[in-house]
Amino acid sequence: MKRAWILAAALVSGIAPAAALAADAPAKAEAKAKAAPLTAGEVKKVDREAKKLTIQHGPIENLKMPPMTMVFRVKDASMLDGIEPGTKVRFHAEEANGGYVVTRLQKGK
C-alpha cells in the first residue's frame, strides 16, 4: 500500500509541472511577440475578404528579409480595422504555414 502511495505521489508531482508549463506556453508566446522588434512599412493594398495586406516594408530582422513590397496574411481580420492603402504601419511578421503572417500591427506616426 505504501508503494502505491509513493507511486501516485511521484506521478502527480511529475505530471502537474508539465501541465503548468503547457498552460503557460500561450502566455509566453504572446509576451515574446510583444517584445519582438517592429518593422516600418506602408500599406499598398488591403484585401479584407482574404485577410491580406500588401506592405512596402524595410528590412525584417527576424525573417532576415531585405526591404521589398509583398503580401502578408494577418493573424486576425480585426487587425485590418482602420487600415487603408497609404497607411504607415509598424508590424511584426512570422513565417507560418508556407507563408508570412502579420502577428502584430500598429498604425505608424
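Where a number appears in this text, it was derived from the coordinates with a stated rule and is not lab data. Computed from a predicted structure; not experimentally measured. Every residue, glycine as well, gets a Cβ built from its backbone with ideal geometry; the counts of neighbours run over all protein chains shown.
Side notes on the structure shown:
- Total formal charge among the other residues, if their Cβ is under 9 angstrom from that of Met79, Lys/Arg +1 and Asp/Glu -1: +1
- Karplus-based coupling profile of the range 75-80, in residue order and whole Hz: 4, 9, 4, 5, 5, 7, with θ = phi - 60° in 6.51 cos²θ - 1.76 cosθ + 1.60 and x standing for Gly or Pro.
- Backbone phi angles across the range 64-73, fed through the Karplus curve with coefficients 6.51, -1.76 and 1.60 (θ = phi - 60°), yield HN-Hα couplings of 6, 10, x, x, 5, 10, 7, 9, 10, 7 Hz in residue order; Gly and Pro are listed as x.
- Taking the average, over residues, of other Cβ atoms within 10 Å as the packing measure, peptides 90-97, 58-65 rank 90-97, 58-65 from highest down.
- Prolate/oblate/rounded label for the range 41-109 (Cα gyration tensor, a/c 1.5): oblate
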